[in-house]
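The values are calculated or read from the model by the stated rules, or taken from the named source; none is laboratory data. Just so we're clear, the structure is a prediction, and the values are computed from it rather than from any experiment. Positions of Cβ are generated from backbone atoms using ideal geometry, with glycine treated the same way; all protein chains shown enter the neighbour counts. Surface accessibility is based on the protein's heavy atoms, side chains included, excluding ligands, DNA and RNA. Shrake-Rupley method; radii C 1.70, N 1.55, O 1.52, S 1.80 Å.
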Amino acid sequence: VQLQASGGGLVQAGGSLRLSCTVSGGEFSGYVMGWSRQAPGRSRELVGTITSGGVINYSNSVKGRFTISRDNAKNTVYLQMNSLKPEDTGVYSCSANHMKLVRPYWGQGTLVTVSS
């Protein structure tokens, strides 16, 4: 199973970006998909998750600004990020998890830089 994240870049504070993560191999529709981020010098932080049934949870730091969605026909999960802040800067990675797995699958990450 491989996860490929894309869509990162440089954006000004207040701007928007949409990240995508496409999964190849495995059974995408059955996975709980997650987005996490890691800022320089800090530990990885869970941004949010979406279950196979479409139940979504967000961290308090992004609630109301970020939206997670998935397209099972395209094996892709999205992270729409609005009202970006400099503290949102980091490497954003996607993960795929299932109760049958010992540990989730991870993608390589895409860098998001928000300038003030």
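Details
- Neighbourhood charge, 13 Å Cβ-Cβ cut-off, centred on Met81 and excluding it, Lys, Arg +1 and Asp, Glu -1: +3
- Share of carbon and sulfur in the accessible heavy-atom surface of the chain [1.4 Å probe, %]: 48 percent
- Accessible area per residue, Å², the chain with all protein chains present, probe 1.4 Å: 54 Å²
- Scanning residues 5 or more positions from Leu84 or on other chains, those with amide H under 5 Å from its amide H are Gly14, Gly15, with H placed 1.01 Å from N in the peptide plane.
- Of Ala39, Ser16, Gly107, farthest towards positive along the dipole that unit charges on Lys, Arg, Asp, Glu beta carbons give the chain: Ala39
- P(r) weight above 19 Å for the range 23-116, C-alpha pairs, percent: 38 percent
- Max mean-square fluctuation residue, GNM over the chain, Cα-Cα springs under 10 Å, options Pro104, Pro40, Pro86: Pro40
- Relative contact order, percent, the range 5-100 [alpha-carbon distance under 8 Å, six or more residues apart]: 37 percent
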